[in-house]
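The values are calculated or read from the model by the stated rules, or taken from the named source; none is laboratory data. Values in this document were obtained by computation on a predicted structure and should not be read as measured data. Cβ placement follows ideal geometry from the backbone for every residue including glycine, while neighbour counts extend to all protein chains displayed. Areas reflect the complete protein model, heavy atoms only, side chains present, ligands, DNA and RNA absent. Shrake-Rupley method; radii C 1.70, N 1.55, O 1.52, S 1.80 Å.
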Amino acid sequence: MQTIETKDLGTGDGTKLTAPKQYFEWMETLRGLGVLLVLFGHLKPHPFLLSYLQSIMLALFIFAAGFLFNAKNVSTSGVYLKKRFRILIVPYFWFTVLTFVFWVVLFGGISSLVGSGDGAAMPDAIGSVDMPKAALAPGHQAKPGPLALFLLFLLPALYGNSKFMWYNLPLWFLPGIFMVDWIFTSVFRKCKTERKLLTWLIVLSLLGYLIGRTHLPFPWNVDTAMMIAVYYGLGYIFRQRYGEGWHWPWPIKLLIALALLGVSFFFIWLNPDAHPSFNWLGNLFYYHAGALSGVLAFMLFSQLLAKLHVPPESARTAPGRVVYKILGAIPALCNYFGRHSLIVIGVQVPAMSLFMTFNHLVFGMMVKEKIYSTGWAFYFMVGASLLMVPMIYAINRWAPWMLGREKKKKAAPPAVDSPPR
């Protein structure tokens with residue numbers, strides 16, 4: 001663990017949410033690794049890898065959010081939730097607007113939605129994004145008109161359910177985690193012990209699971225939030241009991257991480273159809289056994305990755321210094337995307353579509369033919385990640401209001417005394 005003066009311990013948008021000035025580097029690595037794996041999953045790797053990522057990623061992010069939760073922030077829940085609304089829901093609507101502009105511009109201008117609507121401008125890239133098949137239909141309708149525009153973008157954004165967010169599915173996570181915040185803080189303020197807190201969260205999780213079996217689309221995925229909030233509590237309790245994590249020698253930590261990864265693979269292999277983003281869990285025991293073991297495995301892997309920061313100067317040979325630089329770049333890359341995870345959630349669909357469209361237009365690649373190929377999914381992930389870097393810079397530099405924060409004002413130049421006459 002490192003102690004520094006200022007670091008983003010919240011959602012990756014630059015807003016500090018915790019009073020203690022402690023920075024857990026491995027947690028930032030975990031968030032960055034997680035958001036890259038989410039991007040990888042949305043690009044449709046091998047079906048088993050896809051099932052695996054779908055099963056554990058949501059639990060991993062909620063666990064990380066609970067780990068970073070600070071009880072001092074909920075002395076007044078209204079103030080806390082108001083802050084969370086600003087840094088989660090405000091970006092959610094801004095990214096919805098950005099996505100609307102993106103689709104209109106990319107797919108032949110406004111005529112692709114209210115004009116001929118023949119769908120010719122729509123590349124085959126869309127089919128590889130994780131969204132309902134019916135979402136592709138609007139682009140093939142003739143002259144849908146203003147009402148269709150309202151139904152296509154504004155109404156799904158207001159309702160905030162993942163089943164309707166065809167235009168940018170990952171955005172569902174922002175209102176979803178806001179609901180998790182609201183559920184957890186409401187329970188947390190009424191529970192005096194960790195046991196009581198965890199008991200209530202388990203009860204709510206079971207209730208959310210039962211509601212999800214109705215397959216009804218609840219606003220802001222409140223049923224999913226109820227189901228997954230238990231991992232928020234587990235993350236919070238883990239930090240209270242173990243601080244920054246388990247202090248084991250790295251060989252032991254690696255062996256345990258690999259064992260947990262194997263356990264998670266086994267249970268998800270038994271339960272391949274789970275999709276918690278839609279509150280589809282399949283076998284409840286298999287899902288939680290796979291998700292929890294996967295979360296702990298990636299937590300340990302992230303702690304190991306964070307330790308790869310070795311000064312290149314410590315190597316005795318030139319090849320050794322090159323190796324150290326490469327190893328150090330891995331956690332640095334994860335940390336970068338971890339710091340900006342909120343932006344990555346908002347722009348990954350435009351970045352994926354742009355890179356796929358580039359490959360389609362320049363190389364004549366039929367992207368749909370590459371679906372369920374792990375190698376091609378990795379290639380598209382690398383390309384989309386590179387495209388997101390200038391997007392991250394631009395939003396932080398010129399549009400911080402999209403993230404619910406004000407643009408930093410330039411410091412006034414220091415006053416200069418007039419020379420004596």
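For the full complex of protein chains and a 1.4 angstrom probe, list T185, T214 by accessible area with the highest value first.
Descending accessible area places them as T214, T185.
Can you list the residues, at least 5 places off or on another chain, whose amide H is less than 5 Å from the amide H of W280, using H built in the peptide plane?
H275
Over segment 358-409, what per residue volume does the convex hull of the Cα atoms give, in whole Å³?
Looking at segment 358-409, the number lands at 106 Å³ per residue.
So how do 187-194, 257-264, 340-347 stack up, highest first, on mean other-Cβ count within 10 Å?
Peptide ranking by packing, descending: 340-347, 257-264, 187-194.
Which entries of K192/K253; K82/K192; K83/K192; K72/K196; K163/K370; K83/K163 have Cα-Cα distances beyond 30 Å here?
Beyond 30 Å between Cα atoms: K192/K253.
Provide W269, W220, W401 ordered by accessible surface of protein heavy atoms (probe 1.4 Å), highest first.
My answer, sorted largest first, is W269, W401, W220.
Need one number for segment 195-238: average projected area of the convex hull over its C-alpha atoms, nm².
Across all orientations, segment 195-238 yields a mean hull projection of 2.9 nm².
Lys and Arg at +1, Asp and Glu at -1: add these up for the other residues within a Cβ distance under 12 Å of D223 and post the number.
Spelling it out: positives minus negatives among the neighbours equals +2.
What are the extents of the Cα atoms of segment 210-318 along their three principal axes, listed from largest to smallest and rounded to whole Å?
Projected onto the principal axes, the Cα atoms of segment 210-318 cover 63, 29, 28 Å.
Which shape class, rounded, prolate or oblate, goes with segment 258-343 when its Cα gyration tensor gives a ≥ b ≥ c as root eigenvalues, a/c under 1.5 marks rounded, and past that a/b bigger than b/c marks prolate?
Prolate shape, in that a/c is at least 1.5 and a/b is the bigger ratio.
Would you mind putting 322-334, 222-234, 377-389, 43-55 in packing order, based on average other-beta-carbon counts within 10 Å, highest first?
Listed from highest to lowest mean packing, they are 222-234, 43-55, 377-389, 322-334.
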